[in-house]
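Student: First the structure, then my questions, so here it is.
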Amino acid sequence: MKKLILAIAFWIGLYQVIAQTIYSKETEALITQVENNVSGRVKIEGESHNILDRMARYKVKGLSVAVIHNYEVVWAKGYGWADENEKRVVTTQTLFEPGSISKSLNALGILKLVQDKKLNLYTDINSYLKSWKFPYDSLSKNKKITLANLLSHSAGLTVHGFPGYDRESKIPTLPEILDGKKPANTPAVRSQFEPGLRFQYSGGGTTISQLILTDVTQQPYDKFIYENVFKPLGMENTFFTQPPPADKLSLVASGYRKNGNVVIGKFHVYPEQAAAGLWTTPGDLCKYIIETQLAYLGRSAKVLNEEMTKLRLTPYIDKSAALGVFIEERGGIKYFQHGAGNEGFRGQYYGSLEGGNGVAIFVNSDNGEILFELINSVASVYHWKDFYKPVLKKEIKVSETILQKYPGVYLFEGIIAEITKNEDSFYYWSDEINSKMHFTSDKDFFNVEFPTEKTFVYDASGNVTGFLRKLNGKDVPAAIKIIKVDSIKANPGQINGLGWHLLENKKYDDAINYLKRGVELAPNDLAIKCNLAHCYLFNNAYEKALRLYKDNIDLKNEAVSSMKEMIKQDFVYLKNSGFDTSLMDKIFFDLKLEIPEAYKPK
């Protein structure tokens, strides 16, 4: 009965729509088509997906989308919950925190200063930095980093992205973040190789551009971008203020994990505003997309003129990375696009350079798989030439006797995969993605979320020894089935990732076996030791857990996280995931650890 009530509440929430536009019959018909043809890279014969079905499949609480056709927003709509507990539904006014899409808007602000002759794209960044200087070393090989390098991810810098900060945490300054000093939770931003050599995504580099903007303008970052970018574009529901202003909190969506649990504190705070701190709606983001399309054609110049827009949309060093955007060609048409991923949020936008097509979609979930499925549907319904060309497959039913031979752990190219049976089907897990297996024969299967096709291999005794893999019709290294845990060797992080996955699914014995092997291979990896201690804790081996925590309590890893901090962060997550708090409470007491605010009862 409880499950039935929850299911009813979920579907009622999905169908609730308030403050949303009523469109013409023609537009409503197109919306219905988009909603009912959501599909991924592979389309299975006789199978179609509705947007609400896919949201339920991926445990996505809320979704917001806006569609551009012929240089106009032709419709925008929200689905599901902005906050499930508060029973706030997603509307077109709901604000999302779409992570790295921030970099596209940041680039507009930087290039506006370049257009106004206040910055030069090709000058040493230290010429503009006043409150902090980039510490060049031998890795840069006497080459200077420029703004063009920062905006195109060709500066050779470290720190891919940022996890943000709990709303109760002390927030570091930009210089503290760039130097990796407390209370920053990421390493220092430094050279990894010489600038201009090749593409390497770096949110750290984008954060340097943020500091340049504030040092040069002597204005708060959010104020400058609002006055010089958002206001001219009419993006009234968009801001970089971190955390969001109090009068906007009723519009802010709460972020959710892949398992459907809410992010502690509902959302994270990002002082790295240029890299990840944007709050906006798909409708507002479409105003930026349309202006970029018109400026590219010389038909508008609300922020950047035609020349600067074309420069911005020209790949620099890398074949696709331009200045704050990525250029992608499909069906002979070029698109500018950017994806996003903050804690509890995902997003993606596309805009065609010609023809006036585009889309922006946000979800308040760590699972963004639905984004591209919905983009595929929009592209199909609105006839984007050859944008979506699905692989068509026919699925068959395989007997349970045969299927029971397949579960286990597999290894290919240093990557770990696990096959398990869930309530409804068999699933293939790898790289934190749990994907349903679809069979085309007794031995052949594919996954919608992974591009390889796979064929199980048997030995002479009829035991499964692994599976062959093909990518686009070509053989790639096969997978072997792991029989002896003590013989496994995998890429860094893979065994720990499997251990955490098994821990989350309460398979403690298996998790302990793999994590012990992980410690053998990487004896200095604190994350593996911490997860192993967690498994002992919940597997009724309290003294083993306590001893392992104590032995490593004062150590730190390369990412400047200590065992103390890992325990606190993990316990907050595990409490929120329904694990036994009495055991965690006892560890806090015995280790004399300060209990984080996010763990305490509300």
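The values are calculated or read from the model by the stated rules, or taken from the named source; none is laboratory data. Bear in mind that the values here come from a model prediction, so they are computed numbers and not experimental data. A quick note on method: Cβ atoms are made from the backbone with ideal geometry, for glycine too, and the neighbour counts reach across all protein chains shown.
Student: Which of the residues belonging to the stretch 225-277 are on the phi > 0 side of the Ramachandran plot and free of Cβ contacts under 8 Å to residues at least 60 places away in the same chain?
Tutor: Listed by number, the list holds a single entry, 234.
Student: Could you tell me how many of the residues in the stretch 166-203 are closer than 15 Å to residue 323 by Cα and outside any loop (DSSP other than H, G, I, E, B)?
Tutor: 1
Student: List the helices (runs of 4 or more DSSP H) that sit entirely inside the stretch 282-389 and contain at least 3 residues that are among the hydroxyl-bearing types (Ser, Thr, Tyr).
Tutor: Counting at least 3 such residues, we get 282-296.
Student: If I filter the stretch 426-443 for residues that are in contact with a Gly (Cβ under 9 Å, 6 or more places away or on another chain) and part of a helix (DSSP H, G or I), do I get at least one hit?
Tutor: Taking every residue of the stretch 426-443 in turn, none turns out to be in contact with a Gly (Cβ under 9 Å, 6 or more places away or on another chain) and part of a helix (DSSP H, G or I).
Student: Separate question: So, in the stretch 246-279, how many residues would count as being assigned to a strand (DSSP E or B) and surrounded by fewer than 21 Cβ atoms within 10 Å (Cβ to Cβ)?
Tutor: The number of residues fulfilling the criteria is 2.
Student: Restricting the stretch 568-592 to residues that are touching a Phe, Trp or Tyr at 6+ places or on another chain (Cβ under 9 Å) and outside any helix (DSSP H, G or I), which is farthest from residue 527 (Cα to Cα)?
Tutor: Checking each candidate, the answer is 580.
Student: Continuing with the same structure: Any chance the stretch 346-363 includes a residue that's farther than 23 Å from residue 74 by Cα, crowded, with 20+ Cβ neighbours inside 10 Å and not small (Gly, Ala, Ser)?
Tutor: no
Student: Then there is this: For the stretch 142-165, enumerate the residues that are assigned to a loop (DSSP other than H, G, I, E, B) and crowded, with 22+ Cβ neighbours inside 10 Å.
Tutor: Correct list: 145, 153, 154, 155, 156, 159, 162, 164.
Student: Next up: What are the residues in the stretch 212-245 that are in contact with a Ser or Thr (Cβ under 7 Å, 6 or more places away or on another chain) and not in a loop (DSSP other than H, G, I, E, B), if any?
Tutor: Matches in the stretch 212-245: 215, 221, 222, 224, 230.
Student: Still on this model: Restricting to the stretch 252-303, count the residues that are among the β-branched types (Val, Ile, Thr) and modelled with pLDDT under 95.
Tutor: 3
Student: Which numbered condition trips up residue 323, out of (1) closer than 22 Å to residue 102 by Cβ; (2) free of Cβ contacts under 8 Å to residues at least 12 places away in the same chain?
Tutor: Failed condition: (2).
Student: Oh, and also: Can you go through 533, 527 and tell me which one is at pLDDT 95 or above, assigned to a helix (DSSP H, G or I) and in the same structural domain as residue 571 (by TED's automatic domain parsing)?
Tutor: Only one candidate qualifies: 533.
Okay, residues lined up against (1) closer than 21 Å to residue 350 by Cα; (2) modelled with pLDDT of 95 or more:
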| residue | (1), (2) |
| --- | --- |
| 7 | no, no |
| 14 | no, no |
| 20 | no, no |
| 30 | yes, yes |
| 35 | yes, yes |
| 49 | no, no |
| 52 | no, yes |
| 73 | yes, yes |
| 80 | no, yes |
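Student: Restricting the search to the stretch 383-405, which residues are more than 30 Å from residue 442 (Cα to Cα) and either crowded, with 20+ Cβ neighbours inside 10 Å or without any contact (Cβ under 8 Å) to a residue 40 or more places away in the chain (or both)?
Tutor: Of everything in the stretch 383-405, those that are more than 30 Å from residue 442 (Cα to Cα) and either crowded, with 20+ Cβ neighbours inside 10 Å or without any contact (Cβ under 8 Å) to a residue 40 or more places away in the chain (or both) turn out to be 383, 384, 387.
Student: Select from the stretch 297-311 the residues that are crowded, with 21+ Cβ neighbours inside 10 Å and either within 27 Å of residue 64 (Cα to Cα) or of a type in the set (Gly, Ala, Ser) (or both) and list them in ascending order.
Tutor: Hit for the stretch 297-311 is 303, nothing else.
Student: Filter the stretch 204-220 down to residues that are of a type outside the set (A, V, I, L, M, F, W, C) and more than 24 Å from the chain's Cα centre (by Cα) and give me whichever is surrounded by the most Cβ atoms within 10 Å (Cβ to Cβ).
Tutor: It comes out as 214.
Student: Continuing with the same structure: Quick check: is even one residue across the stretch 296-313 within 20 Å of residue 90 (Cβ to Cβ), basic (Lys, Arg) and out of contact with any strand residue (DSSP E or B) (no Cβ under 6 Å at 6 or more places or on another chain)?
Tutor: Checking the stretch 296-313: not a single residue is within 20 Å of residue 90 (Cβ to Cβ), basic (Lys, Arg) and out of contact with any strand residue (DSSP E or B) (no Cβ under 6 Å at 6 or more places or on another chain).
Student: Given the conditions (1) under 22 Å from the mean Cα position of the chain (by Cα); (2) within 25 Å of residue 96 (Cα to Cα), report the number of the one that residue 303 does not fulfil.
Tutor: Evaluating residue 303 over (1) under 22 Å from the mean Cα position of the chain (by Cα); (2) within 25 Å of residue 96 (Cα to Cα) leaves (1) as the failure.
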